Amino acid sequence: MIALFFRDLKLSVRAGGGTMIGVLFFMTVVAVVPFGVGPDLNLLSRIGPAMLWIGALLASLLGLDRLFQAEREDGSLDLLLMQETPLLMTVFVKCAAHWAATGLPLVIASPLLGLFMNMNELAIGATMLTLLAGTPAITFIGAVGAAVAVALPRGGLLVSILVLPLAIPVLIFGVSAVYAAIEDPAPFLPPFMILMAITLFFAVIGPVAAAAALRHSAD
Amino acid sequence: MRLLAEGLSARRGEDLIFNDISFALGAGDALVVTGPNGSGKSTLLRVLAGLLQAESGRLRIEGGPAEFAHPHELSHYLGHRNAMKRELTVRENLSFWQRFMGDSPGGSGVDIDAAAEAVGLAGITHLPFGYLSAGQQRRMAMAKLLVAYRPIWLLDEPTAALDAGADRLFAALVTAHLERGGIIIAATHQPLGLGSTQSLQMKGFTH
Amino acid sequence: MSENSLAIRKFSDLANPTRFLALADRVLPWFAVATALFFAAGLWLSFTTEGDYQQGETVRIMYVHVPAAWLSMMCYTVMAISALGTLVWRHPLADVSAKAAAPIGACFTFLALVTGSLWGKPMWGAWWVWDARLTSVFVLFLMYLGLIALNRAMDDPARSARVSAVLVLVGFVNIPIIKFSVEWWNTLHQPASVLRLDGPTIDPEFLWPLLIMAVGFTLLFFTLHIAAMRNEIWRRRVTSLRRQAVRNAGREAQAL
């Protein structure tokens, strides 16, 4: 299992891997926003957390379709399916590795982008914290989409279409937790707790469903 | 240990691929599955590997380790594709599969250098897998059979991309595995160069 | 696989779709007639009852909007039950049912959105407001479209059925979460007013046409669903006949 984690990590850092591309995409999306809404710093600082969240959501969906497709193309998926190790665990570890390779860099890059959006320290800290708690949920739920679309030649776009509606709750609670942190009256903890609950829920349901889909899509 | 198949049949989509296939293999036995393209050789191997569900019939192990419910947990499967990552070095690939698969009870895998030696490619384990030629890649995929011990080998067209020298090398690997009491089921067009084997001729199922 | 399940499989493979077709032929006209009757009664009542003193004539949109919204949810439930049927009982009609239900559900959802929007313009002064219920129905619509896209992208029906069944179930588990989160996010809509424990708060004047229209819509759904399932079975038979023709051609070529 640890071997699988490090192999996937290595693969996404090496050439052709998703880590750099994900972070670059994230930065580009967020950097484009001021050109769309204008350079008004007050406005930017107000919409900043939301933009960071949307950018992170899109960026973490980016390499997701390759999660199982790459394994299928070179035949590794067959061997992963055959082992005595429960497929559930294999999927979970692959998700964890994918998050460590693509989700975690987004969290780390977010303070820099927060500065661009004229956010204050509190907002940046809150965004980072919610991204840290929320992006794993996107990976787990995205794994279901990736497993469902594993046999499709152009599955990439389809994965995003299937996954985005399911990821809406993550976005809602992530963003509302950030706003609760910076705007005084609303309490920060309830939305943040719900966000973590969603992550834990998806951490269970995602691998279960993805494993079922992988079993059934074998041919 | 014996591997028993009773009345296996499988379908893909609506089409019945094969029907009522039975065999029994003991330790040291090999089964060579032959037949024209589309006769269901690969499908049979994928059913044996647990990757496809059989439409009917039973597959079981007799006298093997008790905790293994299905033979695929005791099997190596070498399919058409090599299951190796081009971006990783040969050593990283092999050591990943060695650690991920682990050994089945009753044996242990050899280390990576010995496995590379056995397929005649000792010096190049530090190179990325993608740099190797097609024949070398296939041989390294065979080295994967050696790094983790599995009593049953399921081989789908194992020698497809190989020249005559590598063919002999592979025959030696197969013979050694059978001598250790392993079981081999191979689908192939060409003879594997084995002595005493059972054979199964797939004709293709017609309605 | 045991002999028992093989027997079930054989039985259902041969007997069930055929029996279903026969049954469908018999019940479809009845369903269609009942649908027409309920719609006639419902529409007549809808247009003859009084308008609301606040909302005026626009309240009549409710008689289409609310049943369509109910149906959009019921249809997904039907799909989820079918998905369970595909994965757990491996019933051959279950995946036909799920596949046939998706476009119908999408249509009802679309209808609910359009009528909601038409109703919203005079009530809220905008074609679209991001209120909680409209938004969650919109998300449901997106999910339907995603499922339809997935079904169309896969060619092998047996495989696509089980895979999309997984997705249907994941979506089904998620619907309450999405609903809850969207409500947290924003709520402008009036609270649910028909299905409440202390009895309906809606005026009986509106309730009767609404209920009759709801029954009419439900019957319409079943009519369409059975017809769509029948079509899907026929489509699959045509496909398998075509495949067989290809194989036969191959054999004749070999024999020559």
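Does C:LEU118 satisfy the condition of being assigned to a helix (DSSP H, G or I), under 16 Å from the mean Cα position of the chain (by Cα) and surrounded by fewer than 19 Cβ atoms within 10 Å (Cβ to Cβ)? No; evaluated as a whole, the condition is false for this residue.
If you go through the range C:119-143 and pick out every residue that is touching a Ser or Thr at 6+ places or on another chain (Cβ under 8 Å) and at the interface with another protein chain (Cβ under 10 Å from one of its Cβ atoms), you end up with 2.
Residue check: C:GLY146 meets all listed conditions (1) over 14 Å from A:GLY155 (Cβ atoms); (2) buried (at least 18 other Cβ atoms within 10 Å of the Cβ); (3) not hydrophobic (A, V, I, L, M, F, W, C) but one, namely (1).
From the list A:ALA209, A:ALA186, A:ALA213, pick out the single residue that is away from chain C (no Cβ under 11 Å), of a type in the set (Gly, Ala, Ser) and touching a helix residue (DSSP H, G or I) at 6+ places or on another chain (Cβ under 6 Å).
The unique qualifying residue is A:ALA186.
Pull up the range B:171-201, narrow it to residues that are among the aliphatic types (A, V, I, L, M) and at pLDDT below 75, then point me to the one that is surrounded by the most Cβ atoms within 10 Å (Cβ to Cβ). Spell out how you get there, then give the answer.
Just the residues of the range B:171-201 that are among the aliphatic types (A, V, I, L, M), to begin with: B:171-174, B:176, B:178, B:183-187, B:192, B:194, B:200.
Then keep just the ones that are at pLDDT below 75; that gives B:192, B:194.
Numbers: B:LEU192: 19, B:LEU194: 14.
Top of the filtered list is B:LEU192.
Once the range A:146-160 is narrowed to residues that are under 16 Å from A:GLY63 (Cβ atoms) and assigned to a helix (DSSP H, G or I), the residue that is nearest to the other protein chains (Cβ to nearest Cβ) is A:LEU158.
Selection over the range A:67-76 of residues that are under 15 Å from A:ALA97 (Cβ atoms) and without any contact (Cβ under 8 Å) to a residue 60 or more places away in the chain gives a count of 3.
Could you tell me which of the residues C:LEU23, C:LEU45, C:LEU37, C:LEU28 is modelled with pLDDT under 85, within 25 Å of C:ASN231 (Cα to Cα) and either away from chain B (no Cβ under 14 Å) or not in a helix (DSSP H, G or I) (or both)? Steps first, please.
On the way: C:LEU45 fails: within 25 Å of C:ASN231 (Cα to Cα); C:LEU37 fails: modelled with pLDDT under 85; C:LEU28 fails: modelled with pLDDT under 85.
Of the residues listed, the single one that is modelled with pLDDT under 85, within 25 Å of C:ASN231 (Cα to Cα) and either away from chain B (no Cβ under 14 Å) or not in a helix (DSSP H, G or I) (or both) is C:LEU23.
Annotation: of all residues in the range B:92-115 being buried (at least 16 other Cβ atoms within 10 Å of the Cβ) and among the hydroxyl-bearing types (Ser, Thr, Tyr), the one that is modelled with the lowest pLDDT is B:SER104.
A:THR90: within 14 Å of chain B (Cβ to nearest Cβ) and within 20 Å of the chain's Cα centre (by Cα), yes or no?
Numbers: within 14 Å of chain B (Cβ to nearest Cβ): yes; within 20 Å of the chain's Cα centre (by Cα): yes.
Yes.
In the range B:1-28, the residues that are within 11 Å of another protein chain (Cβ to nearest Cβ) reach residues that are in a strand (DSSP E or B) and loosely packed, with under 14 Cβ neighbours inside 10 Å with C-beta atoms within less than 8 angstrom, at least six apart or across chains, in these pairs: B:GLY7/B:ASP20; B:GLY7/B:SER22; B:LEU8/B:ASP20; B:LEU8/B:SER22; B:SER9/B:ASP20.
Inspection of the range B:97-104 identifies no residue that is closer than 28 Å to B:LEU16 by Cα and without any contact (Cβ under 8 Å) to a residue 24 or more places away in the chain. For the range A:2-68, the helices (runs of 4 or more DSSP H) that sit wholly inside it and include 1 or more residues that are away from every other protein chain (no Cβ under 14 Å) and crowded, with 23+ Cβ neighbours inside 10 Å are A:19-37, A:41-62. Screening A:GLY38 on (1) farther than 30 Å from B:LYS144 by Cβ; (2) of a type in the set (Gly, Ala, Ser); (3) free of Cβ contacts under 8 Å to residues at least 40 places away in the same chain; (4) out of contact with any Leu (no Cβ under 9 Å at 6 or more places or on another chain) shows it passes everything except condition (4). Scanning the range C:54-62 turns up one or more residues that are surrounded by fewer than 20 Cβ atoms within 10 Å (Cβ to Cβ) and touching a Pro at 6+ places or on another chain (Cβ under 7 Å). Within the range B:71-101, track down each residue that is closer than 24 Å to B:ARG2 by Cβ and more than 8 Å from chain A (Cβ to nearest Cβ). Answer for the range B:71-101, where residues must be closer than 24 Å to B:ARG2 by Cβ and more than 8 Å from chain A (Cβ to nearest Cβ): B:PRO71, B:LEU74, B:HIS76, B:LEU78.
Let me confirm something: among A:PHE202, A:PHE192, which residue is away from chain C (no Cβ under 11 Å) and either modelled with pLDDT of 95 or more or part of a helix (DSSP H, G or I) (or both)? Explain how you work it out, then say what you get.
Numbers: A:PHE202 fails: away from chain C (no Cβ under 11 Å).
That would be A:PHE192, the only listed residue that is away from chain C (no Cβ under 11 Å) and either modelled with pLDDT of 95 or more or part of a helix (DSSP H, G or I) (or both).
Please determine whether any residue of the range A:125-136 is at the interface with another protein chain (Cβ under 9 Å from one of its Cβ atoms) and either crowded, with 18+ Cβ neighbours inside 10 Å or not hydroxyl-bearing (Ser, Thr, Tyr) (or both). Give the derivation first.
Taking the range A:125-136 and keeping what is at the interface with another protein chain (Cβ under 9 Å from one of its Cβ atoms), we get none.
Looking for residues that are at the interface with another protein chain (Cβ under 9 Å from one of its Cβ atoms) and either crowded, with 18+ Cβ neighbours inside 10 Å or not hydroxyl-bearing (Ser, Thr, Tyr) (or both), one finds none in the range A:125-136, hence no.
Would you mind telling me which numbered condition in (1) surrounded by fewer than 17 Cβ atoms within 10 Å (Cβ to Cβ); (2) at pLDDT below 75; (3) more than 10 Å from chain A (Cβ to nearest Cβ) C:ASN186 fails? The single condition C:ASN186 does not satisfy is (3). I'd like to verify a number: residues in the range A:108-146 that are in contact with a helix residue (DSSP H, G or I) (Cβ under 6 Å, 6 or more places away or on another chain), more than 16 Å from A:ILE54 (Cβ to Cβ) and free of Cβ contacts under 8 Å to residues at least 24 places away in the same chain, how many? Residues flagged as in contact with a helix residue (DSSP H, G or I) (Cβ under 6 Å, 6 or more places away or on another chain), more than 16 Å from A:ILE54 (Cβ to Cβ) and free of Cβ contacts under 8 Å to residues at least 24 places away in the same chain within the range A:108-146 amount to 2.
Within the range C:149-177, if we keep just the residues that are facing chain A (nearest Cβ under 9 Å) and not in a helix (DSSP H, G or I), the residue that is surrounded by the fewest Cβ atoms within 10 Å (Cβ to Cβ) turns out to be C:ASP156. Taking the conditions (1) touching a helix residue (DSSP H, G or I) at 6+ places or on another chain (Cβ under 7 Å); (2) in a helix (DSSP H, G or I); (3) acidic (Asp, Glu) in turn, A:GLU84 satisfies each one other than (2). Tell me, which residue of the range B:1-41 that is hydroxyl-bearing (Ser, Thr, Tyr) and buried (at least 19 other Cβ atoms within 10 Å of the Cβ) is farthest from B:PRO158 (Cα to Cα)? Looking at the filtered set, the residue picked out is B:SER9.
The values are calculated or read from the model by the stated rules, or taken from the named source; none is laboratory data. None of the values given here were measured: they were computed from a predicted structure. All Cβ positions, glycine included, derive from the backbone under ideal geometry; neighbour counts span all protein chains shown.
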